[in-house]
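The values are calculated or read from the model by the stated rules, or taken from the named source; none is laboratory data. Source: prediction; values computed, not measured. Quick reminder, even Gly has a Cβ in these numbers, built from the backbone with ideal geometry, and neighbours come from all protein chains shown. Only protein heavy atoms, including side chains, enter the accessible area calculation; ligands, DNA and RNA are left aside. Shrake-Rupley method; radii C 1.70, N 1.55, O 1.52, S 1.80 Å.
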Amino acid sequence: TSNINEVIADIKDYMAMKTELEAQIDTLKAEAEKYMDENELEEYVTPSGTKVTWRESIANRFASTEFKKIHEDLYKAFCKQTTYKRFTING
């Protein structure tokens, strides 16, 4: 029991560190994006060879909510139920 408590405590610590790192990464990415916007760059290669791109992309996405409203029976006919396990830690 004590081992699982340590494992869970470690998971919580690493999740907190992950959240902090993601925030730092987002801040740095925003800074890089701003630089590239200001200098009208879509691509940048660092002296060490790291290639960065910042360009507009176009994607087609299926509007499932709207489709469901208009064709509810057809939507239900193609939905399939799946089962999965979810791991969460609260507190």
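Which of the residues belonging to the stretch 53-73 are of a type in the set (A, V, I, L, M, F, W, C) and either farther than 21 Å from Glu31 by Cβ or over 18 Å from the mean Cα position of the chain (by Cα) (or both)? Please lay out each step first, then the result.
Step one: filter the stretch 53-73 for residues of a type in the set (A, V, I, L, M, F, W, C), giving 54, 58-59, 62-63, 67, 70.
Matches in the stretch 53-73: Ile58, Ala59, Phe62, Ala63, Phe67, Ile70.
Of the residues that sit in the stretch 43-91 and are in contact (Cβ under 8 Å) with a residue 12 or more places away in the chain and among the hydrophobic types (A, V, I, L, M, F, W, C), which one is farthest from Glu33 (Cα to Cα)?
Ranking the candidates gives Ile89 first.
How about the stretch 1-86: which helices (runs of 4 or more DSSP H) wholly inside it have at least 2 residues that are open to solvent by less than 80 Å² (accessible area, probe 1.4 Å) and of a type in the set (A, V, I, L, M)?
2-38
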